[in-house]
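The values are calculated or read from the model by the stated rules, or taken from the named source; none is laboratory data. Everything numeric in this text was worked out from a predicted model, so none of it was measured. Positions of Cβ are backbone-derived with ideal geometry, glycine not excepted, and every protein chain shown enters the neighbour counts. Areas reflect the complete protein model, heavy atoms only, side chains present, ligands, DNA and RNA absent. Shrake-Rupley method; radii C 1.70, N 1.55, O 1.52, S 1.80 Å.
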Amino acid sequence: MIRRTIDAVVVGGGSAGLAAALRLREAGATVAMVEREPFLGGILLQCIHSGFGLQEFGEDLTGPEYAERFIRPALNAGIEMYLDATVTEIGEDATGRSVTALSRAVGVVRFSARAVVLAMGCRERNRGNVAIAGTRPAGVLTAGLAQRLVNIEGCVPGKNVVIVGSGDIGLILARRLTLVGCTVRAVVEIQSYPSGSVRNIAQCLNDYSIPLHLGHVVTRIEGRDRVEAVRVAPLQDGRPLTGREFRIPCDTVLLSVGLIPENELSRAAGVPINEGTAGPWVDADMMTGARGIFACGNVLHVHDLVDFVTEEARRCADRAAAYLKGDPREEMIPVKAGANVRSIVPNACAPGRRNVLYLRSLVVKNDALLELSAGGEKLRTKRLAHVQPSEMIRFGLEAGAIQNINSGTALEVALR
Amino acid sequence: MALLERCVDVSFGVSKANSGIIHAGFHHSPSSLKARLEIEGNRAFDGLQAELGFPFRRVGIVVAAFSVEEMKTVDHLYEQGVENGARDVEIVGRDRLLALEPALSRDVVGGLFAPSGGIIEPYRFVFALAESAAANGVFLFTGWEAVRAHRQNDAWHITSAAGEDCAARWVVNAAGLRADAVSAMFGAERFTIVPRKGEEFILDKGSAGPPSRVIFPVPARTSKGVLVIPTVEGTVMLGPTADEGGDKDDTTTTPENLERVFRFASQMVPRISKRDIITSFAGLRPTLPGDDFMIELSRAAPCLVQVAGIQSPGLTASPAIAERVKALLMSGGLELVEKADWQPGIPRMHRTRDHAPWELDQLVARDPAYAHLVCRCEGVSEAEVVEAIRKGHTTLDGIKYYTRAGMGRCQGGFCTYRIMRLVARETGMPLERITKHGPGSELVLGHIGDRP
Amino acid sequence: MSAENAIRPAGVDLVCIACPIACRLIVTASGGGDATVSGNRCPRGEAYGSEEVRAPKRILTAVVPTDSAQFPCAPVRTDRAIRRELVKSLLSELYRQRVALPVRQGQVLMEDFDGARVVFTRTLPPDEIPSVGEPRAEAEGEDQVPGLQEAL
């Protein structure tokens, strides 16, 4: 077993990990990065479509282009890189945190680190998570796996495809598969509205005349060896109307039914998890409930835009660097999700600085009112043209905006 | 001796969907054959595990009763167990039951405790048996579907769907769901195997309130009821249901049964949550009228042993079934002499996840692939996957059952392409020929740039 | 809303795809074959709207097969939008390729397709990782790397 002593270990070399590691190096910290794949860039590398970087760079980049904007500097930043390596355990030792990783190249390595940045991203919800009935043939896979097979391995997963879920991943995949010669028979969405952006409905489905069945569910998968068909039924009051069920012959079913922050490692390290996001509870320093462990990106909460992952990772790294320097920590005000808010990040604000909050709505609503209050007293409000659960709401809170909240009182964020 | 298997790998039939319980011998009437074989089989597992190293633990079984009425059935189970010869079964009151199994609902009134019950990974057990058999001279033919048989010159000649032939003096019909068809093929007894479907749901490792023992309800007429089973690898299994009338390929799961299983299971263990479901599957029990095993020399055809209707507790009874088949073969006139060089033990498989980091160095020094994790959810290394492939398990399901790669919470989302690449590297097969469970279940259907 | 009526003929009511804001555009014909666009929040919306009703254009991203087993395909893009009706013919040209690695991001695969260049979007194989700390060489034992701890 190799032992290394280092300021910070960044777990994950995707968009969050790269931005955080670069920022930590800029602040003078020694950094080790552990990445599972044999190359850096994470999930961006399989997102070959454009639409990334409009906020960050003012350009319309593809996923690999966005990733290389960070990979190139990261290679020359003096980051200790462990690729094709998996962190198996985060524990405690005399210096702070111990991180154990395995890789073919170095065997077992154990870091003694004073800070750990969790940037492992998320995984896809799968068939079991959404309990789709029927047989278990080949040809049922998650959208991300299909995207990987097409865009990295160069394989065509099927010929006739039904996509379950109309989030942006599902829509982009519908177009992508059409372009490699598949026929996308339908996109089936359980909600009565599409989860993805109208822009993607237009350029991914409408451009190719792909049918979208809103308010429908796949009730059954058929086929013994390979998928032969799915049965689809409209929903009424949350139950499928079996009388109006219809059958779509297909050989492939792709599931784009949501993402879950991947926190098994965090949980095992004793990091408290926030029910609303399924990611760690974090304060305004992006520090989790476990001292010295920070989190950013999709492991913390699932983002819609990589640009905001980058922004969040930098802020996380800045605070981790301050922690490493021993800066005094500010007294924080807890933040809680109020009416119609499913989740909020971070879970505490620092009144002396600017705070950026990210939240998700529980409801679909036009002309909503974002309302901040403390102890029943309204602090400020903001009009939002449209809110829906699949779109993250981001807003900044200037330094001093919440200065006068009594200690012990929480800042409550609600949507009306 | 030759083992003929229709599927492309062993354990792909009834065994793969087994609940993985080593039963304790109190569920069946002393008059049944299965009760006797269950007890004998149960006792054999410690020795078998020592030889074969499959995952198995005697965690004990509890039966939870929720009413005085149900306690009457528990009394009956207890008496049955004692008469069958089940070891150390006891009737327990509410407090002792809750101490034995703290995950149980506070509403229990009492129940039964059978410490000799246990949990096992069924496919690992089957693979280990197949390896031990092969190491001792058994020829294994997978993907070999018997379609015809005739007797000539004191031997059976069996023909496969692909036209291959196999000749043998004696034949054992252990064809599970198709034992009836195989019996007919040999012109032997006419009977019908009725598939009884059982749907099961798997909860992730680290789910809320996993039990430490196998929890049974007080049994219903056709089955032992919906159980909550802590699997030997740390997940929780809920099920099975028991539905008759489907066909022999019907392994579909239904939302209604999911609801039913959850309703029953959460009555016993209230803390389980649907959010922890990572997968579901269905298995088919091969049942005969009367629900007992049929293990006998055929009276209608020469030199044929029938092993049919092996449903629950078939896995538990399997070592005793084997002994019985051996005795039948000898009584039928087959001369069997124990081999002098018989070596039942098989080499232990190393698993990265079983070693503490400081213990791994030696393993990694031998093969660095032990430090390369392929399946993150189950902690399976490249070395383990490669070992499975080199032993002939080249389908995704075969590798999954052999190593657990792809069996965890992401259900292959992250490791499928890695495993496909390893299969391609080790076998030279192109990616589009790699299957989930045999021909027809190819995983990808072409390449970008292929001519249409 | 069913799928069928979700598909609208281009020409009247459009969703701008120039950026994620996705403005709802109304495009009406004005004299001389020109179009008037309203609902847009920026000039790109106007350009998109008037172009969309005459000759819709799209950025195309795709992968091309390579000669490498390790990296069997390389992602590419057009550096500007091409006519949508030409997407198919560009794809069939791309799929005929057998690109020899290495390639660098930004390297040009095709100089001119309908006025656009087709460029690689990923460097393949990825650049080598410079070794930092040489963890193999030092093997056992504690190691101190200068860093923030010194700054304390």
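Taking helices (runs of 4 or more DSSP H) as the structural unit, those lying wholly within region A:124-242 and holding at least 3 residues that are over 25 Å from C:LEU86 (Cα atoms) correspond to A:127-130, A:143-151. Candidates B:MET429, B:MET407, B:MET420: the one that is crowded, with 16+ Cβ neighbours inside 10 Å, more than 7 Å from chain A (Cβ to nearest Cβ) and over 18 Å from A:ARG148 (Cα atoms) is B:MET407. Would you say B:THR395 is among the β-branched types (Val, Ile, Thr) and without any contact (Cβ under 8 Å) to a residue 60 or more places away in the chain? Judged against the criteria, B:THR395 is not a match.
Residues satisfying the criterion are absent from region B:288-295 (criterion: within 30 Å of B:CYS377 (Cβ to Cβ), more than 14 Å from every other protein chain (Cβ to nearest Cβ), among the charged types (D, E, K, R) and not in a helix (DSSP H, G or I)).
So, in region A:41-51, exactly how many residues are under 17 Å from the mean Cα position of the chain (by Cα) and modelled with pLDDT of 95 or more?
Qualifying residue count, region A:41-51: 7.
Residues that are closer than 30 Å to B:ALA340 by Cβ and not in a loop (DSSP other than H, G, I, E, B) within region B:137-185 comprise B:PHE139, B:LEU140, B:PHE141, B:ALA155, B:TRP156, B:ILE158, B:CYS166, B:ALA167, B:ALA168, B:VAL171, B:VAL172, B:ASN173, listed in sequence order.
Residue count for region B:349-397 satisfying the condition of being open to solvent by 20 Å² or more (accessible area, probe 1.4 Å), within 22 Å of the chain's Cα centre (by Cα) and small (Gly, Ala, Ser): 1.
From the set of residues in region B:131-164 that are free of Cβ contacts under 8 Å to residues at least 12 places away in the same chain and not polar (S, T, N, Q), which is farthest from B:PRO347 (Cα to Cα)? Here the answer is B:HIS150. Looking at the structure I just gave you, is A:LEU118 touching a residue at least 12 places away in the same chain (Cβ under 8 Å), within 8 Å of chain B (Cβ to nearest Cβ), among the aliphatic types (A, V, I, L, M) and in contact with a strand residue (DSSP E or B) (Cβ under 6 Å, 6 or more places away or on another chain)? So A:LEU118 does not fit the description; no.
Restricting to region B:348-406, name every residue that is aromatic (Phe, Trp, Tyr) and farther than 23 Å from B:GLY438 by Cβ. Spell out the reasoning first.
Restricting attention to region B:348-406, the residues satisfying the condition of being aromatic (Phe, Trp, Tyr) are B:358, B:370, B:401-402.
Selection gives B:TRP358, B:TYR370.
Given the condition open to solvent by 30 Å² or more (accessible area, probe 1.4 Å), free of Cβ contacts under 8 Å to residues at least 12 places away in the same chain and out of contact with any His (no Cβ under 7 Å at 6 or more places or on another chain), answer yes or no: does some residue in region A:35-51 qualify? Looking for residues that are open to solvent by 30 Å² or more (accessible area, probe 1.4 Å), free of Cβ contacts under 8 Å to residues at least 12 places away in the same chain and out of contact with any His (no Cβ under 7 Å at 6 or more places or on another chain), one finds none in region A:35-51, hence no. Of the residues making up region A:64-92, those that are free of Cβ contacts under 8 Å to residues at least 40 places away in the same chain and at the interface with chain C (Cβ under 9 Å from one of its Cβ atoms) are A:PRO64, A:GLU65, A:GLU68, A:ARG72, A:LEU75, A:ASN76. Of all residues in region C:96-118, exactly one satisfies the criterion of being at the interface with chain A (Cβ under 10 Å from one of its Cβ atoms) and buried (at least 19 other Cβ atoms within 10 Å of the Cβ), namely C:GLN105. Among the residues of region B:433-451, those that are outside any loop (DSSP other than H, G, I, E, B) and either at the interface with another protein chain (Cβ under 7 Å from one of its Cβ atoms) or of a type in the set (A, V, I, L, M, F, W, C) (or both) comprise B:THR435, B:GLU442, B:GLY446, B:HIS447. In the set B:ALA134, B:ALA130, only one residue is in a helix (DSSP H, G or I), under 29 Å from B:THR403 (Cβ atoms) and open to solvent by 30 Å² or more (accessible area, probe 1.4 Å); that residue is B:ALA134. Looking only at residues in region C:61-85 that are open to solvent by 10 Å² or more (accessible area, probe 1.4 Å) and of a type in the set (A, V, I, L, M), the one that is farthest from the other protein chains (Cβ to nearest Cβ) is C:ALA81.
Looking only at region B:330-347, which residues are touching a residue at least 40 places away in the same chain (Cβ under 8 Å) and aliphatic (A, V, I, L, M)? Listed by number, the residues that qualify are B:LEU334, B:ILE346. The numbered conditions (1) within 21 Å of the chain's Cα centre (by Cα); (2) more than 12 Å from chain B (Cβ to nearest Cβ); (3) without any contact (Cβ under 8 Å) to a residue 24 or more places away in the chain are all true for A:SER209 except (1).
Residues are listed down the side, and each one gets a yes or a no for (1) within 24 Å of A:ILE43 (Cα to Cα); (2) open to solvent by 10 Å² or more (accessible area, probe 1.4 Å):
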position	(1), (2)
A:SER266	yes, no
A:ILE273	yes, yes
A:GLY276	yes, yes
A:VAL282	yes, no
A:ASP285	no, no
A:ARG291	no, yes
A:GLY297	yes, no
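Results for (1) over 17 Å from the mean Cα position of the chain (by Cα); (2) over 22 Å from B:PHE414 (Cβ atoms), shown as yes or no for each residue.
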site	(1), (2)
A:VAL108	yes, no
A:LEU118	no, no
A:GLY144	no, no
A:ILE163	yes, no
A:THR183	yes, yes
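Would you mind stating whether B:PRO230 is open to solvent by 30 Å² or more (accessible area, probe 1.4 Å) and touching a residue at least 60 places away in the same chain (Cβ under 8 Å)? In short, no.
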